[in-house]
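What follows is one structure encoded as structure tokens, with my remarks underneath.
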Amino acid sequence: MATPPRSPRRSPRGNERRGPLGARPSSSLWYGLALLIVLALAQVYFVQPSGRSIPYSEFKALVRSGQVAEISISDQVIRGTLKDSDKQKAQFTTTRVEDPKLAEELDAKGVKYTGEAANRWLPDLLGWVLPLLFFIGIWGFFFRRMSGAEGGVMSFARSRAKIYADDEVKVKFSDVAGVDEAENELKEIVEFLKNPRKYTNLGGRIPKGVLLVGPPGTGKTLLARAVAGEAHVPFFSLSGSEFVEMFVGVGAARIRDLFQQAEAKAPCIVFIDELDALGKTRVQSPLGSHEEREQTLNQLLAEMDGFDSRKGVIIMAATNRPEVLDPALLRPGRFDRQVLVDKPDVKGREDILRIHVKTVKLGPEVDLKVVAARTAGFAGADLANLVNEAALLAARHDKTAVGMADFESAIDRLIAGLEKKRVMSVKERKIVAYHESGHAIVATTLPGLDPVHKISIVQRGFGALGYTMQLPLEDRYLMTRGDLLAQLAVLLGGRTAEEIALGEISTGAQNDLQRATDIARAMVTEFGMSDALGAINYDGNKRARFLDIPMPAERGLYGEDTAQQIDAEIKRILTDAHNTAREILTSKRDKLETVTERLLEVEVMEGEELRRLLGSEPTA
Ligand code: ADP
Ligand code: MG
Ligand code: ZN
């Protein structure tokens, strides 16, 4: 039941261009020829000088003999009338010859003469108007041909037409499910668009830009449209790739255009989908070929800065690759608010399925809870696809309703297709569940640690298979040795739980180990927390203070002996932490099972529930 992607690119004007090529120029050619013939005839009938035509010498002789009464001289011909003869023969014409003395002679003989303004329209028409029209025709013809193909060389000529506001977005928040946190954040935006005064009267500043971040297919585009649909405002939507053109400056011009139009339509929403296509980090390329994209990006940054969100234009963007975005885009005053749109948990998946089966005829035995439980790792788009697949399968078997069996085979089919996208197997989910439970139990048991906020085994887009999130109750500026040791035990808790429950360890703990080792090393070499080595900082002041960038792995100035001692100390500290974790988890073996089981069921567990399961005091 996927809503058809709205793409402004498909303008109906495409057809007009693809008429029988060549028909136009040749038909206008015929018109031109016919016109010429008519003109020539007109010339013959109306413009043709009347009277008999005589040689110039005869004309001169007539003048000299005093027979000419009056003449009129034009550019090329001389027309005249003779004295005293009958009307018929009195008229004559002669072709003009260069004759500077003519006027004198005429004066001498008393001939009345007048000049005649040349009638230039016909020669002008023939001389340059027609050729000009002809060339304009040819040029227009080729221009049309080149822009005819989609994305043709000249497609920038149509840029204005493609940016248009969609005033009637029908999507509502009720069409989106499983992304409650993102939804709640965006409801505030809707409030503002509906009633900007309420916020600005108090001097509040509404975020200018909202960036939706998350794996593909989780409903980012859908959410942006829902915001527009709920707030009843026009919705300008473009894809980032539409700004990247062949010609330098075209994308920038398009951005300018977009913002101009948006301002005129405020309050409204400007939505740039796939922002990463144009918002990639600006780099110094040896080929220097990113000129266009950078200009476009710079224009976007400039427009966002010069934009007053009080006018009621909110810029939304979506990306599934936030890590490649230019940091300048994420500065306050630009996309200062980031909303994570993550893959749904079981409950979310059930809700999404419920939305998508609305238009499908379901059999009575279909239990969407079961379907949701079987589709761990599916994003919203995958679920929409699943419902569609199931419906198609049912139709293929001439059923009157979509049954559970259709869902089952659709799931099997989709999972096979998603294998490349790494959907966790049942066994893998179990490992991850034990692992995260291990972290969480150790974190809840040891004193002096931040309480667990959330545990999740929903696969994230960025490689993590699960996470245990601890939130500090207060800002910390100092950590004691005890705090750090406890933290090490938590980090190793995941791996330890795998050992205890499954008798085997997986590669999933690699990141934990790395972080634990880093902390242990820092304890020994920087904080002087090792009794064996004493209060000495061995590594010098090599950490960059404000930059979150890894420093080169440079060794401090110490000898081989000391290096060995340091390594031994790190190992000792880690072994201690491992033992601590093992003691805790062995003594709470039953709790480890309970938490893991529950986690496999709900996939995302709040800290409160965890503490309840462990029977520990809720944190105030
Ligand atoms: P994204 O922009 O994050 O890649 P889309 O918004 O384009 O994903 O989602 C594609 C389709 O998948 C939507 O049109 C909708 O039918 C379905 N879908 C995705 N996420 C959800 C969701 N959270 N709730 C309901 N439907 C969803
Ligand atoms: Mg999208
Ligand atoms: Zn871990």
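The values are calculated or read from the model by the stated rules, or taken from the named source; none is laboratory data. Fair warning: this is a prediction, and the values are worked out from it, not measured in the lab. With ideal geometry, Cβ positions are generated from the backbone for all residues, glycine too; neighbour counts draw on all protein chains shown. Each accessible area value is taken on the protein alone, full model and side chains, heavy atoms only, with ligands, DNA and RNA left out. Shrake-Rupley method; radii C 1.70, N 1.55, O 1.52, S 1.80 Å.
Work out the FRET efficiency for HIS232 and SER616 from their Cβ-Cβ distance, taking R0 = 60 Å, and round it to the nearest 0.05. It would help to have the intermediate numbers written out before the result.
Values: r = 48 Å, r/R0 = 0.81.
According to the calculation, E is roughly 0.80.
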Item checked: Rg and Dmax [Cα atoms of the range 177-269; Å; Rg one decimal, Dmax integer] -> 15.1, 46
Notebook entry, point to check: Which semi-axes, in whole Å and largest first, does the equivalent ellipsoid of the range 54-116 have when worked out from the alpha carbon gyration tensor as the square roots of 5 times its eigenvalues?
Noted result: 16, 13, 11
Next item on the list: First compute the accessible area of the range 54-116 with a 1.4 Å probe, then give the percent of it belonging to carbon and sulfur atoms.
Entry: 49 percent
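Given a Förster radius of 35 Å and the C-beta distance between GLN260 and ASN184 as r, what FRET efficiency does 1/(1 + (r/R0)^6) yield to the nearest 0.05? Please list the in-between numbers first.
Details: r = 33 Å, r/R0 = 0.93.
Working from the Cβ atoms, E equals 0.60.
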Note to self: Need one number: nm distance between label points at GLN564 and ALA401, each 7 Å from Cα along Cα→Cβ, rounded to one decimal.
What the structure shows: 7.7 nm
Margin query: Could you check the spin-label model distance between GLU504 and VAL38? Points 7 Å from the Cα along Cα→Cβ, value in nm.
Written below: 9.2 nm
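Suppose a student asked you for the relative contact order of the range 54-116, using Cα pairs under 8 Å spaced at least 6 residues apart; what percent would you report?
The value is 39 percent.
Hey, what does the equivalent ellipsoid look like for the range 350-437, semi-axes from the Cα gyration tensor as sqrt of 5 times each eigenvalue, largest first, whole Å?
Details: eigenvalues 128, 35, 25 Å².
Three semi-axes, in Å: 25, 13, 11.
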Next item on the list: Could you tell me what % of all Cα pairs in the range 558-620 have separations over 15 Å?
Entry: 67 percent
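Using the scaling law 2.2 N^0.38 Å as the reference, what is the normalised Cα Rg of the range 162-340?
Details: Rg = 15.7 Å, N = 179, 2.2 N^0.38 = 15.8 Å.
Scaled against compact globular proteins, the figure is 0.99.
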Note to self: Modelling each spin label as a point 7 Å along the Cα-to-Cβ direction, I'd like the VAL77/VAL129 distance in nm, to one decimal.
What the structure shows: 2.1 nm
Margin query: Taking loop as defined by DSSP and a crowding limit of 11 other beta carbons within 10 Å, which trypsin sites (Lys or Arg not before Pro) in the range 313-392 fit?
Written below: LYS358, LYS361
Item checked: Surface per residue (accessible, 1.4 Å probe) for the range 346-416, Å² -> 46 Å²
Item checked: For the range 486-528 versus the range 371-397, the gap between their alpha-carbon centres in whole angstrom -> 39 Å
Next item on the list: Note down the relative contact order for the range 174-234 as a percent, whole number, built from C-alpha pairs under 8 angstrom at least six residues apart.
Entry: 48 percent
Notebook entry, point to check: Expressed as a whole percentage, what fraction of the accessible surface of the range 347-395 belongs to carbon and sulfur atoms when a 1.4 Å probe is rolled over the protein heavy atoms?
Noted result: 59 percent
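Roughly how many debye, to the nearest 20, is the charge dipole of the range 162-340 about its Cα centre, given +1 on each Lys and Arg Cβ, -1 on each Asp and Glu Cβ, and no other charges? Intermediate values should be presented prior to the final figure.
Details: 23 positive and 27 negative charges, 97 e Å.
Dipole of the range 162-340, to the nearest 20 debye: 460 debye.
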Checklist line | Accessible area (Å², per residue) of the range 162-340, counting only protein heavy atoms and a probe of 1.4 Å | finding: 43 Å²
Item checked: Over the range 346-416, relative contact order from alpha-carbon pairs under 8 Å, at least 6 apart, % -> 38 percent
Next item on the list: Over the range 54-116, give the accessible area per residue in Å² for a 1.4 Å probe, as an integer.
Entry: 62 Å²
Item checked: FRET efficiency, 1/(1 + (r/R0)^6) with R0 60 Å, evaluated for PHE141 and LYS109 via beta carbons -> 0.50
